Amino acid sequence: MKALLLTSLLLLASCNRGAPDIIVSDPWVRETVAGQSGTAAYVTIQNKGSGDDRLLSIGAPQPITATLHETSTENGVSSMRALENGLAVPAGATIPLNPGRAHIMITGLTTPLRAGETLKLTLRFERSGEKIVDFKVAPAMGGMAH
Amino acid sequence: MRQVRIILWVFVALALLAASYLLTRKPPAPVSGVQPTELVKFGGPFTLIGSDGQPFSNAKLNGKPYAIFFGFTHCPDVCPTTLARLVKLRQQLGSGERPFEIVFVTVDPERDGPAEVGKYAELFDSPIIGLTGSPAQVEQVKKLFGIFSKKVEQPGGDYSVNHTSTVLLFDRRGDLSGTISPEEEDAAALAKLKRLSA
């Protein structure tokens, strides 16, 4: 019991319990063509506060679904895995969601996303709550500049 | 007492000798310098279907270096990232005549018909040869190029496809000249493409 108490105290001490301060930048989503049901959205998340936070999930307008995913390549084979526990955004950290790595997977598109349009996604954080972000639809080539 | 001490010192000396022998002993020499590598030929004659709905034979690539990538149009991240990178690197190699062709073959012919691969290829603002085929044709071409793919059910009845994301590079003679993996730095990939198109 004593050990458990000590462990929890240590765990508490190792967490940054101050207030997180989340700033998102460069939100973009890759343009699609008719017939494509999915694409990916990318954004850089910075925590300027003194407390840790976690991106838990993403809300998208119907009929679109947005899920936090990570691409991984093993023995030359790429696969995606849902980040079911979300994505940690520790105090002071900058977490980029970049092509080929962690990304927001967009599925269920019934109409193409055209360059110049915006897609409103809701980023749900464990401590900072919801942030509605306008993701700029960028050409498949243009998006690389980010 | 003195004799015991001398005997003990002799033991210490023997132990040191044994230890130095074990530490400096050379590993056994390899039996032969030849590695039993099985030679696998990648590529070969194939027929698929082009974005115009017409048969596309590998003969159309004769005499041209090309980079071939297998993916699917519903692929959200790794496929567009890889194709965009190939286009970007090709542009870096210089304008004018295309230094190499970029070939995209779908591993999801059930969803990707000629129109789908054609429209998808246009996303990248640069000529990409989009190919599909019957499931049997695609299966045969996957085998020729050593490509793995497997459908993975997604929540909601949809599916994704895990697949080989290595780009294979073929020279003018149709021989495999190298590969580019997604994790590779642009500089290394560019050097390979330069060599390919030289």
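The values are calculated or read from the model by the stated rules, or taken from the named source; none is laboratory data. Because the structure is a prediction, the values reported are computed rather than measured. Quick reminder, even Gly has a Cβ in these numbers, built from the backbone with ideal geometry, and neighbours come from all protein chains shown. Keep in mind that these areas ignore ligands, DNA and RNA; they rest on the heavy atoms of the full protein, side chains included. Shrake-Rupley method; radii C 1.70, N 1.55, O 1.52, S 1.80 Å.
Can you list residue pairs whose Cβ atoms sit under 8 Å apart, with the first residue in region B:169-198 being under 17 Å from B:T82 (Cα atoms) and in contact (Cβ under 8 Å) with a residue 12 or more places away in the chain and the second being assigned to a loop (DSSP other than H, G, I, E, B) and among the polar types (S, T, N, Q)? Count only pairs 6 or more apart in sequence or on different chains. From region B:169-198, the pairs are B:T179/B:T166; B:I180/B:T166; B:S181/B:S165; B:S181/B:T166; B:P182/B:S165; B:P182/B:T166. If you check A:T73, A:T44, A:T107 for being more than 30 Å from B:F145 (Cβ to Cβ) and open to solvent by 20 Å² or more (accessible area, probe 1.4 Å), only one passes: A:T44. Filter region B:176-198 down to residues that are in a loop (DSSP other than H, G, I, E, B), within 11 Å of chain A (Cβ to nearest Cβ) and over 18 Å from B:I68 (Cβ atoms), then give me how many there are. Final tally of qualifying residues: 1.
To keep it simple, each residue is scored yes or no on (1) within 13 Å of the chain's Cα centre (by Cα); (2) in a strand (DSSP E or B); (3) under 20 Å from B:H74 (Cβ atoms).
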{"site": "B:I147", "(1), (2), (3)": "yes, no, yes"}
{"site": "B:K151", "(1), (2), (3)": "no, yes, yes"}
{"site": "B:S160", "(1), (2), (3)": "no, yes, yes"}
{"site": "B:G174", "(1), (2), (3)": "no, no, no"}
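Each residue in region A:113-146 was checked for being within 14 Å of chain B (Cβ to nearest Cβ), open to solvent by 30 Å² or more (accessible area, probe 1.4 Å) and in contact (Cβ under 8 Å) with a residue 40 or more places away in the chain, and 5 pass. Total residues in region A:76-88 satisfying the condition of being in contact with a His (Cβ under 9 Å, 6 or more places away or on another chain) and loosely packed, with under 14 Cβ neighbours inside 10 Å: the figure is 2.
Going through B:S134, B:S165 one at a time, which residue ends up being more than 9 Å from chain A (Cβ to nearest Cβ) and in contact with a Pro (Cβ under 7 Å, 6 or more places away or on another chain)? Give the derivation first.
Values: B:S165 fails: more than 9 Å from chain A (Cβ to nearest Cβ).
Selected residue: B:S134, the only one of B:S134, B:S165 that is more than 9 Å from chain A (Cβ to nearest Cβ) and in contact with a Pro (Cβ under 7 Å, 6 or more places away or on another chain).
Of the numbered criteria (1) in a strand (DSSP E or B); (2) closer than 27 Å to A:I104 by Cα, the one B:L131 fails is (2). Being open to solvent by less than 40 Å² (accessible area, probe 1.4 Å) and either away from chain A (no Cβ under 14 Å) or not hydroxyl-bearing (S, T, Y) (or both) is the filter here; which residues of region B:148-161 pass it? Residue satisfying the conditions is B:V161 alone. Please go through region B:54-76 and give me each residue that is assigned to a loop (DSSP other than H, G, I, E, B) and either more than 14 Å from every other protein chain (Cβ to nearest Cβ) or touching a His at 6+ places or on another chain (Cβ under 9 Å) (or both), ordered by number. Of everything in region B:54-76, those that are assigned to a loop (DSSP other than H, G, I, E, B) and either more than 14 Å from every other protein chain (Cβ to nearest Cβ) or touching a His at 6+ places or on another chain (Cβ under 9 Å) (or both) turn out to be B:Q54, B:N62, B:G63, B:K64, B:P65, B:F72, B:C75, B:P76. Selection within region A:47-70: residues that are more than 14 Å from chain B (Cβ to nearest Cβ) and farther than 14 Å from A:A93 by Cα. The member of this set that is surrounded by the most Cβ atoms within 10 Å (Cβ to Cβ) is A:L56. For region B:108-147, the candidate set comprises residues that are under 17 Å from B:G53 (Cα atoms) and aliphatic (A, V, I, L, M); within that set, the residue that is surrounded by the fewest Cβ atoms within 10 Å (Cβ to Cβ) is B:A136.
Go through the residues of region B:81-103 one by one and say whether even a single one is open to solvent by less than 10 Å² (accessible area, probe 1.4 Å), hydroxyl-bearing (S, T, Y) and at the interface with chain A (Cβ under 9 Å from one of its Cβ atoms). Looking through region B:81-103, none of the residues is open to solvent by less than 10 Å² (accessible area, probe 1.4 Å), hydroxyl-bearing (S, T, Y) and at the interface with chain A (Cβ under 9 Å from one of its Cβ atoms).
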